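**Student:** Once you've had a glance at the structure underneath, I'll fire off some questions.
What follows is calculated from the coordinates using simple rules that are stated; it is not laboratory data. Treat the numbers as computed from the prediction; the structure is a model and nothing was measured. FYI the Cβ positions are ideal-geometry reconstructions off the backbone, even for glycines, and counts take in every protein chain you see.
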């Protein structure tokens, strides 16, 4: 707690890519046509060094609610461009911002990146945090909570001589904040001649996946997301999961191999990117509720029906990050397994964590230990 936000901001972040035989059989774009894109925001001092703002007056310097920079970087470069061939490319996108969510679109532009107002090629999403999807999902807009990953194919075929700007219009904080929005992320210029025939493909079927039945859950846990504000001005001073601090005793202790539904009750005004270590979960739905009534009585009064997840979130796709919207009960289902080959014995308890991945939140108590228990 306390320093992760600074380590990440200073540059301790990046990719490691895991492949398997199933992926290798799909004939996706590869080699020079598979490119990682790590997107994050920053601020700079006049001498070019990184600037991380101190807390507002009277607040402990370990805490600012969120960091939102004024400059966007991709792979460590400010406002970069990429020259591409008129063919399919695979992009592995990481939202590496401390706190900023992204809502990305491609728009046709001039060579300087000024949008012409017409949409560019779509994102064909083929994977998430949990690996490949069962089928590609075609999207014109790609929403990414911070630290989430998206594996996409973009087809620039037939677009020689054109340029496309990658834009972000996500409010900060998400989804209704009014902090600084950085629209321009990077520029694609389709100006390189084909180096050879494009023999890659975008299969209609990717990998077989199974839907995890929430009806098989042995337990439904209701867990709150809370921010406590300073009375004088409403400035947030601490963020909590289920009203508990990091050092409080473990309360989430699923049995090894069991299925549980977690209902993440977001009582705050902003979205949180909630991350569970070691397991992949499936997103079930989000349901709006009366926050004031819940805070006063502890009773959930729903104000609308459950909203199914977006197509690129929906089961059977696996995730380790969920965008928990404000004023919503955000439901996920998980099987609490361990990595294959882990030696176990009766009564053993394996410790992990779950937390908000907004760095400033997890550094100020919005992180809890949990244990997978061997029966």
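**Student:** Using per-residue counts of other Cβ atoms within 10 Å, averaged over each peptide, order 200-212, 142-154 from highest down.
**Tutor:** 142-154, 200-212
**Student:** Cβ neighbours within 10 Å, averaged per peptide: list 131-139, 330-338 in order, most packed at the top.
**Tutor:** Packing proxy ranking, top to bottom: 330-338, 131-139.
**Student:** I've got another one for you. Run the simple label-point estimate for residue 12 and residue 191 please: 7 Å along Cα→C-beta, distance reported in nm.
**Tutor:** Going by the 7 Å Cα→Cβ label model, 4.0 nm.
**Student:** Mind jotting down the three principal axis lengths of region 214-373 based on Cα atoms? Whole angstrom, largest first.
**Tutor:** 53, 35, 28
**Student:** Report, to one decimal in Å, the Kirkwood hydrodynamic radius for the chain based on all distinct Cα pairs.
**Tutor:** 22.1 Å
**Student:** Gaussian network model of the chain, Cα springs within a sub-10 Å range: biggest mean-square fluctuation belongs to which of 31, 14, 257?
**Tutor:** 31
**Student:** Starting from the Cα-Cα distance between residue 110 and residue 199, subtract it from 0.36 nm times their residue separation and give me the gain in nm to one decimal.
**Tutor:** Extra length from residue 110 to residue 199 when fully extended: 29.1 nm.
**Student:** Ranked from highest to lowest mean number of other Cβ atoms within 10 Å per residue, what is the order of the peptides 301-313, 359-371?
**Tutor:** The peptides rank, most packed first, as 359-371, 301-313.
**Student:** Next up: Under a point spin-label approximation (7 Å from Cα along Cα-to-Cβ), what is the residue 19-residue 292 distance to one decimal in nm?
**Tutor:** Roughly 5.7 nm, to one decimal.
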